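Asker: One structure follows; several queries about it will come next.
The values are calculated or read from the model by the stated rules, or taken from the named source; none is laboratory data. Just so it is clear, the structure is predicted and the values come from calculations on it, not from any experiment. Don't worry about glycine lacking a Cβ; one is built from the backbone with ideal geometry, like all the others, and counts go over all protein chains shown. Areas reflect the complete protein model, heavy atoms only, side chains present, ligands, DNA and RNA absent. Shrake-Rupley method; radii C 1.70, N 1.55, O 1.52, S 1.80 Å.
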Amino acid sequence: MVYADDNPGFWLDGAAGAFTYSIGYFKLADTNFQSGLSQAITNADFSDADSDRDLFAGWVQYKINDNHKVKFFYGFDRIRSVPTGDLLYALKGPGIGTGKQADIDSHHLGGYYTGKFGAFELFLEGVYQFGSADNTGLSALGKAEDYDISAYALAADLAVDLKDWVGFSVKPHVGVMYTSGDDDPNDDELNGYNGIENGERFSSYWGGENTIIADTNLVLGTVLYGYLPELYGNGTPVFTGGLQNFAGKGNGRGDNPGLTMLSLGVTITPKRFIIYRTNVNNFWWNEDILVQNFVNPAIFTKVESGFVGTEWDNELTVALHKNMFIKGEASFFFPGEVIEDVTEAISGKKSDDTASRLAAELIWKF
């Protein structure tokens, strides 16, 4: 729920007895080398040499025994390169924004636990996001100028391996995730949780490749790798974290509604070279949002919190060799009433059509 990407950086890994650790510095954006085109796309002026995005992060893990581990982590996300604004504003449209690069210091502090109890596997994670976003320029729009970041996220999963009863690995699981949302656009707090870069797609419990929700979806408000509706909010579009590739395009909003997810799934491995994985993920948004009409941008519609929909993801992996794999994926998204309201707010026409995606991959390791 905190960070997943391939940004360049430097890190130090080590071990001491039952402890392992990693400390790193990552450069998420270096604006000293921005071109005129990049500036035009992000609607930002990078005249300040101190307008990069830098991440300082680390973790320490303690192995209690072979079946139980705990890990504590911290990340300091120093953001000076992202202009304040929503998606339409970033596209030079009449959205909400100022184009001003706020001074954003976002901290993530948390930990997680993994444990085995016989055939059962338990996972727990908790994260607190805090910090500040100053000089946003939003005071010109009648909002606060400076904001406190205060948000949190929780996750848990319970799985059981039925191999001793079935004869091969059949591992059903049930998982939940909750991220806080922002419920007041008129205060000076940003309560919508964002990871440093949201990466729920990479979860070993409910993630997967070629999903619909985690491969950028403007209707669901998601950006690549993440499940959180970070493109939506209630009126204060300040970036507090999110994928750097999209930074400045309206993602990573600290006023996002937050997400509740219930995941049910099973992984079946009848042979060690055949793996079938299926997940049914159900989503709710925790707070209300404002949705702008794409046809008539002067119209904003309040969409109330509630059931967003269900995604059913399927993935079949066949290993032809230890270095060669074929994957097939099929995903379906069944909209709930919230997405029906969102489509009506965006286009003027309500839609409840099922979205589907089919994909195939050949993975060949050299």
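Asker: On a 1.4 Å probe surface of the protein chains, which of THR354, THR269 comes out largest in accessible area, and what is the full order?
Answerer: The ordering from most to least exposed comes out as THR354, THR269.
Asker: Would you grab the residues whose amide H sits under 5 Å from the one on SER169? Only those 5+ places off in sequence or on another chain, please, with H modelled 1.01 Å from N.
Answerer: So SER169 has HN proximity to THR269.
Asker: Can you put ARG272, ARG201, ARG357 in order of accessible area, largest first, using a 1.4 Å probe?
Answerer: My answer, sorted largest first, is ARG272, ARG357, ARG201.
Asker: Could you order the peptides 151-164, 292-305 from most to least packed, using the average number of other C-beta atoms within 10 Å per residue?
Answerer: Top of the packing list down: 151-164, 292-305.
Asker: With a cut-off of 13 Å, note down the residues of region 258-288 whose backbone N falls inside the zone around a label point 7 Å from the Cα of GLU304 toward its beta carbon.
Answerer: Flagged as within label range: 287-288.
Asker: Now for a different question. Pop the C-beta distance of GLU340 and ASN245 into the FRET formula with R0 = 30 Å and round what comes out to the nearest 0.05.
Answerer: According to the calculation, E is roughly 0.50.
Asker: Among the lysines, select those whose C-alpha is under 16 Å from the C-alpha of LYS163, and discard any that sit fewer than 8 residues away in the same chain.
Answerer: LYS116, LYS171, LYS271
Asker: Any chance you could run the full-extension gain for SER22 through PHE202? It's 0.36 nm times the residue separation minus the Cα-Cα distance, nm to one decimal.
Answerer: Residue separation times 0.36 nm, minus the Cα-Cα distance, leaves 62.8 nm.
Asker: For the chain, take the longest principal axis of its alpha carbons; what is the angle in degrees between that and the long axis of helix 337-347, to the nearest 10 within 0 to 90?
Answerer: Value to nearest ten degrees: 40.
Asker: Another question, then. Find which of LEU224, ASN286, GLY241 sits farthest along the positive direction of the dipole of region 217-299, computed with +1 on the beta-carbon of Lys and Arg, -1 on that of Asp and Glu, about the Cα centre.
Answerer: Ranked along the dipole, the leading option is LEU224.
Asker: Shifting gears a bit: Quick one: 3J(HN,Hα) in Hz for region 159-167, Karplus 6.51/-1.76/1.60 with θ = phi - 60°, rounded, Gly and Pro as x.
Answerer: 10, 9, 9, 8, 4, 5, 9, 9, x
Asker: Another question, then. Give me the extension gain from THR354 to PHE273: residue separation times 0.36 nm, minus the current Cα-Cα distance, reported in nm with one decimal.
Answerer: 25.9 nm
Asker: On to the next question. Over the chain, what percent of the accessible surface lies on carbon and sulfur atoms, probe 1.4 Å?
Answerer: Percent of accessible area from carbon and sulfur atoms in the chain: 59.
Asker: Step through the residues of region 13-29 one at a time and calculate ³J(HN,Hα) from phi using the Karplus curve (6.51 cos²θ - 1.76 cosθ + 1.60, θ = phi - 60°), rounding each to whole Hz and writing x for Gly and Pro.
Answerer: So the Karplus estimates, Gly and Pro as x, are 10, x, 8, 8, x, 7, 9, 10, 8, 8, 10, x, 10, 10, 9, 8, 7 Hz.
Asker: Quick check for me: using +1 on Lys/Arg Cβ and -1 on Asp/Glu Cβ, what's the dipole size of the chain about its Cα centre, in debye to the nearest 20?
Answerer: 1600 debye
Asker: Right, next: Please list HIS321, HIS173 in order of solvent-accessible area, largest first, computed with a 1.4 Å probe with all protein chains present.
Answerer: HIS321, HIS173
Asker: As an exercise, use a Förster radius of 45 Å and the Cβ-Cβ distance of ASN296 and ASP6 to find the FRET efficiency, rounded to the nearest 0.05.
Answerer: 0.70
Asker: Okay, moving on. Quick one: Karplus J couplings for region 211-228, per residue in order, coefficients 6.51, -1.76, 1.60, θ = phi - 60°, nearest Hz, x for Gly and Pro?
Answerer: Whole-Hz 3J(HN,Hα) from phi for region 211-228: 7, 8, 6, 9, 10, 6, 9, 5, 6, 7, x, 9, 10, 2, 5, x, 9, 6.
Asker: With a 1.4 Å probe and every protein chain left in place, work out the accessible area per residue of the chain in Å², rounded to a whole number.
Answerer: In whole numbers, the chain has 46 Å² accessible per residue.
Asker: For GLU145, what accessible area in Å² do you get when you roll a 1.4 Å probe over the heavy atoms of the protein chains, rounding to the nearest 10?
Answerer: Spelled out: GLU145, probe radius 1.4 Å, area about 50 Å².
Asker: In terms of Cα to Cα distance under 30 Å, which lysines are near enough to LYS143, apart from those fewer than 8 places away along the same chain?
Answerer: Straight-line reach from LYS143, under 30 Å: LYS92, LYS100, LYS249, LYS302.
Asker: Right, something else. Dipole size in debye (nearest 20) for region 263-335 around its Cα centre, Lys and Arg Cβ +1, Asp and Glu Cβ -1?
Answerer: That gives region 263-335 a dipole magnitude of about 580 debye.
Asker: Specify which residue in the list PRO185, SER204, SER169 is farthest towards the positive end of the charge dipole of region 165-209, using unit charges on the beta carbon of Lys, Arg (+1) and Asp, Glu (-1), about the Cα centre.
Answerer: SER169
Asker: Starting from the Cα of ASP146, step 7 Å along the direction of its Cβ; do the same at PHE72; then give the gap between the two resulting points in nm.
Answerer: For ASP146 paired with PHE72, the spin-label model returns 3.0 nm.
Asker: A follow-up question, please. At 222 nm, what helix-only mean residue ellipticity would the chain give, in deg cm²/dmol to the nearest 500, using -39500 (n - 2.57) for each DSSP H run of four or more?
Answerer: -1500 deg cm²/dmol
Asker: Separate question: If each of LYS327 and LEU362 carries a label point 7 Å out from its Cα toward its Cβ, how far apart are those two points in nm?
Answerer: Label at LYS327, label at LEU362, 1.6 nm between them.
Asker: With the Cα gyration tensor of region 197-266 in hand, convert its eigenvalues to equivalent ellipsoid semi-axes via √(5λ) and list them largest first in whole Å.
Answerer: In descending order, the three semi-axes are 21, 13, 10 Å.
Asker: Moving on. What does region 111-267 give for Rg and for Dmax, in Å, if only its C-alpha atoms count?
Answerer: Both quantities, over Cα of region 111-267: 18.0, 66 Å.
Asker: Report the calculated FRET efficiency for ASN135 and ASP13 (r = Cβ-Cβ distance, R0 = 56 Å), to the nearest 0.05.
Answerer: Step by step, r from the Cβ atoms, then E = 0.95.
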